[in-house]
Amino acid sequence: MILPKSNRLTPEQLAEVTAIVTEFGCKIQPIIGAVRSIYAIVGDERDELMINRLEGLSYIDRIDRIQSPFKLMDKRSDLATHRIALGGVTLGEELFVIAGACTIDPKNPNYFYETAQAVKEAGAHVLRGGVWKPRTNPYTFQGDTKSLEILLEAHRRTGLPVDAEVMDEQQLGLALDAGVHMVQVGARNALNYSLLRAIGRAVAERPTVVLLKRSLHMGALNEFISAAEYIAAFGNPNIILCPRGTAPSIDGYRNHPDESITPLLKEKTWAPVVVDPSHSVGKAAYVPACALAAVAYGADGLCIEAHVSPNHGIGDDPKQALTPGVLSETIRQAKQLWAIRRQEKIS
Ligand code: PEP
Ligand code: MN
């Protein structure tokens, strides 16, 4: 639907608009009103190039789309009934919890094995552990491929499926060869379309769940859902959206908490939403409240950093990891709140 700036397009403007949409196999149906006229695009209006060219015309105010720009992730797509299951949980039927260390310390693997056991006892369904880390400072610990073996050993010991972030195709190959059950696209790579495509291709061949974090700089929700569409386009729709806070941060928090986008995402897409309160607020003391807020907003799950001894952790763990006791209590309360919401059938 094209809305011009003036109340009506001139014949020359209408001819220009018509010529553009005709190139893309569409037609224009003018709807002339007494005060304002609008111009319907008849046909498949999803071509971004067509929309870009129309939006570039100086006399166009805006284009309102009726069709979704994403074919697979849209709530109205055939995939709307698709369900994702991992760790004994079908998302949407029970609160789904991923928990574990920000970063595995390859020199002290016992901390991770003990954390893995604590995560299991706290009632989480997936164990997370950072093998390769996206660090702001190139001189800080960048992760170590050796940690992949530690992650898989923790899986063997606990039986929990495991999740690790991958930042490039080489890491993706190593993680999938090792048999991780979930690959994480971090906030910094959520706009890396080459990586999203590579992940899409790889997980279509070797079905794996993808946890797609929201970029710090993703304002429009369509941008977030379109990133998921890149992965789904290759055939594997096992994608979970993970709001984790955006920039600029709120003074005192690590980022700008964004659990409140959950109901907005759910209006647009069928994809489950698993909120990461740890990177959102960035301080252990605030994580439980943020986790409960996410559930109150309708999140299907949580991704929480935890460590048996946060001060002995590396990466984000000293600041934001929950101790086992706090993790257990947070999960218990979150599951209770989730059950109340479901019982009361609050949307
Ligand atoms: C992480 O999960 O440890 C991490 C680095 O997350 P994000 O990409 O959200 O910063
Ligand atoms: Mn972290």
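The values are calculated or read from the model by the stated rules, or taken from the named source; none is laboratory data. This structure is a prediction, so every number in the text was calculated from the model and none was measured. With ideal geometry, Cβ positions are generated from the backbone for all residues, glycine too; neighbour counts draw on all protein chains shown. Areas reflect the complete protein model, heavy atoms only, side chains present, ligands, DNA and RNA absent. Shrake-Rupley method; radii C 1.70, N 1.55, O 1.52, S 1.80 Å.
If we keep just the residues of region 83-109 that are among the β-branched types (Val, Ile, Thr) and more than 16 Å from ligand 1 (Cβ to nearest atom), which is most open to solvent (accessible area, probe 1.4 Å)? Here the answer is Thr90.
Select, from Thr208, Thr246, the only residue that is more than 13 Å from the chain's Cα centre (by Cα), of a type in the set (Ser, Thr, Tyr) and within 22 Å of Met167 (Cβ to Cβ). Reasoning before the result, please.
Working: Thr246 fails: more than 13 Å from the chain's Cα centre (by Cα).
Among Thr208, Thr246, only Thr208 is more than 13 Å from the chain's Cα centre (by Cα), of a type in the set (Ser, Thr, Tyr) and within 22 Å of Met167 (Cβ to Cβ).
Selection of region 216-243 for residues being touching a helix residue (DSSP H, G or I) at 6+ places or on another chain (Cβ under 6 Å), within 22 Å of Val89 (Cα to Cα) and within 16 Å of ligand 2 (Cβ to nearest atom) yields only Pro243.
Which of the residues that make up region 57-108 are of a type in the set (Gly, Ala, Ser) and more than 16 Å from ligand 2 (Cβ to nearest atom)? Within region 57-108, Ser58, Ser68, Ser77, Ala80, Ala85, Gly87, Gly88, Gly92 qualify. In region 304-328, the qualifying residues are those that are within 20 Å of Pro257 (Cβ to Cβ) and open to solvent by 50 Å² or more (accessible area, probe 1.4 Å), and the one that is farthest from ligand 1 (Cβ to nearest atom) is Val326. In this structure, does Arg244 turn out to be closer than 30 Å to His155 by Cα, assigned by TED's automatic domain parsing to the domain that holds Val126, open to solvent by 20 Å² or more (accessible area, probe 1.4 Å) and not in a strand (DSSP E or B)? Criteria not met by Arg244. Annotation note: Cβ proximity below 8 Å between a residue of region 161-186 that is in the same structural domain as Ala227 (by TED's automatic domain parsing) and a residue that is part of a loop (DSSP other than H, G, I, E, B) and hydroxyl-bearing (Ser, Thr, Tyr) (sequence gap 6+ or interchain) occurs for Leu174/Thr145; Leu176/Thr208; Val180/Thr208; His181/Thr208; Met182/Thr208; Val183/Thr208. Does region 233-242 include one or more residues that are among the aliphatic types (A, V, I, L, M), away from ligand 1 (no atom under 15 Å from the Cβ) and modelled with pLDDT under 95? Yes, the conditions are met somewhere in region 233-242.
One line per residue, one yes/no per condition, for (1) open to solvent by less than 10 Å² (accessible area, probe 1.4 Å); (2) touching a helix residue (DSSP H, G or I) at 6+ places or on another chain (Cβ under 7 Å); (3) small (Gly, Ala, Ser):
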residue: Pro263; (1), (2), (3): no, no, no
residue: Lys268; (1), (2), (3): no, yes, no
residue: Val274; (1), (2), (3): yes, no, no
residue: Lys283; (1), (2), (3): no, yes, no
residue: Pro288; (1), (2), (3): no, yes, no
residue: Ala294; (1), (2), (3): yes, yes, yes
residue: Tyr297; (1), (2), (3): no, yes, no
residue: Leu302; (1), (2), (3): yes, yes, no
